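A short worksheet on the structure shown next.
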Amino acid sequence: MAGMNTSNWLAWVALAMLYCGLTYNPLYQLLLFVAVCACALARKLPLKSYLKAGLLMSAIPLFINVFLVHLGRTALFTVPRSIPVAGFDVPTLIFSGPITAEALTFAAVMAVFLLNMLVSFQVFNGSTTPDAILRLMPASLPAVGLVTSIGLRFVPTVLRDHSSIRDAQQSRGVRMGSGPMHERLANQAGVIAPTVVTALERGFNLAESMASRGYTGKRTAYSKRRWTATERLIQATFAAAAALLVVSKLSGAMDFWPYDSMALPPLSHPAMAPLFALAIPLFSKDESDRT
């Protein structure tokens, strides 16, 4: 199959976000997780790094929902109001109460939800280029397109600068992951401050370069990009999948709320069909924006 263009990838990530946001059913979320991870592996993207970042992002909602939301009828265990420590009763404050299976289930669903969001965006980001995204911006909004393009280019640059400065600090004997909390925070500030200064200097240099070259904000193009029949078919498939997904949601086929009932409803074939559209990148070549 021919490659997907940038508009196809934009429709793909929009469909993945829509699927992710329309259901709390863990079965659908897990199926979506398999689909987006398969696309990441097919594009040879660093899926392991994405999953580590997603799990780190999920730690806070997992903790909050499990230990602070004491809702549900199926109690697994109960956190007492106080815990004896060295002869003293230490109050557990807002953490006291039943830890329920419903809260744990919802926390797990939210963790997969965040993983799906992150991996989907990373697949989109790794399969497109800032220049290709800039070409999708309307010519009547040159400032928006310029800011979007520069922002997409600066994100990986800032991450590389942060990593280089962190390595330089560690080579000087600065401990980042050990020692008292206040010392680690101070060491992190010693990395963040130079990173921000470096990013600002890079931005000023870019602005001066653009001004010296007479940038006026006007965009020109030699020719308009022509879509192939395959790309049009892919775009129509994504649109049909999104419509089918909305219909499935309105019919109640994707409804699930663990605090009402832990029983999972049967899988709906119409609700699963959009997953096949999300698997289209498995059979397409690398992104090809012909001009």
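The values are calculated or read from the model by the stated rules, or taken from the named source; none is laboratory data. Keep in mind the model is a prediction, meaning the values are calculated, not measured. No Cβ is skipped: glycine too gets one built from the backbone with ideal geometry, and neighbour counts run over all protein chains shown.
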Residues (closer than 15 Å to Val112 by Cβ and either hydroxyl-bearing (Ser, Thr, Tyr) or touching a helix residue (DSSP H, G or I) at 6+ places or on another chain (Cβ under 6 Å) (or both)) located in the stretch 48-65 = Tyr50, Gly54, Met57, Ser58, Pro61, Leu62, Asn65
Inspect all residues belonging to the stretch 125-137 and state whether any of them is in a loop (DSSP other than H, G, I, E, B), at pLDDT 80 or above and over 25 Å from Ala38 (Cβ atoms).
-> no
Boolean, Ser171 is at pLDDT 75 or above, surrounded by fewer than 11 Cβ atoms within 10 Å (Cβ to Cβ) and closer than 21 Å to Ile150 by Cβ = no
Condition met for Phe77 (at pLDDT 80 or above, touching a strand residue (DSSP E or B) at 6+ places or on another chain (Cβ under 6 Å) and within 27 Å of Met262 (Cα to Cα)) | yes
For the stretch 57-101, how many residues are without any contact (Cβ under 8 Å) to a residue 24 or more places away in the chain and among the charged types (D, E, K, R)?
-> 2
Among (1) modelled with pLDDT of 85 or more; (2) surrounded by 10 or more Cβ atoms within 10 Å (Cβ to Cβ), which single condition is Ser284 missing?
-> (1)
Closer than 30 Å to Pro281 by Cα, part of a helix (DSSP H, G or I) and of a type in the set (S, T, N, Q) - does that describe any residue in the stretch 45-67?
-> yes
Being within 23 Å of the chain's Cα centre (by Cα), closer than 28 Å to Asn5 by Cβ and surrounded by 20 or more Cβ atoms within 10 Å (Cβ to Cβ) is the filter here, so list the residues in the stretch 235-259 that pass it.
-> Phe238, Ala241, Leu245
Can you tell me which residue within the stretch 80-106, out of those that are within 29 Å of the chain's Cα centre (by Cα) and outside any helix (DSSP H, G or I), is modelled with the lowest pLDDT?
-> Ile99
Matching residues in the stretch 1-26 - criterion: being within 12 Å of Val109 (Cα to Cα), part of a helix (DSSP H, G or I) and in contact with a Pro (Cβ under 9 Å, 6 or more places away or on another chain) = Pro26
Over the stretch 35-67, the set of residues under 28 Å from Gly97 (Cα atoms) and either aromatic (Phe, Trp, Tyr) or in contact with a strand residue (DSSP E or B) (Cβ under 9 Å, 6 or more places away or on another chain) (or both) is Phe63, Val66, Phe67
Would you please list the contacts, defined by Cβ atoms under 7 Å and residues six or more apart or on different chains, that run from a residue in the stretch 6-17 that is without any contact (Cβ under 8 Å) to a residue 60 or more places away in the chain to a residue that is part of a helix (DSSP H, G or I) and crowded, with 21+ Cβ neighbours inside 10 Å?
-> none
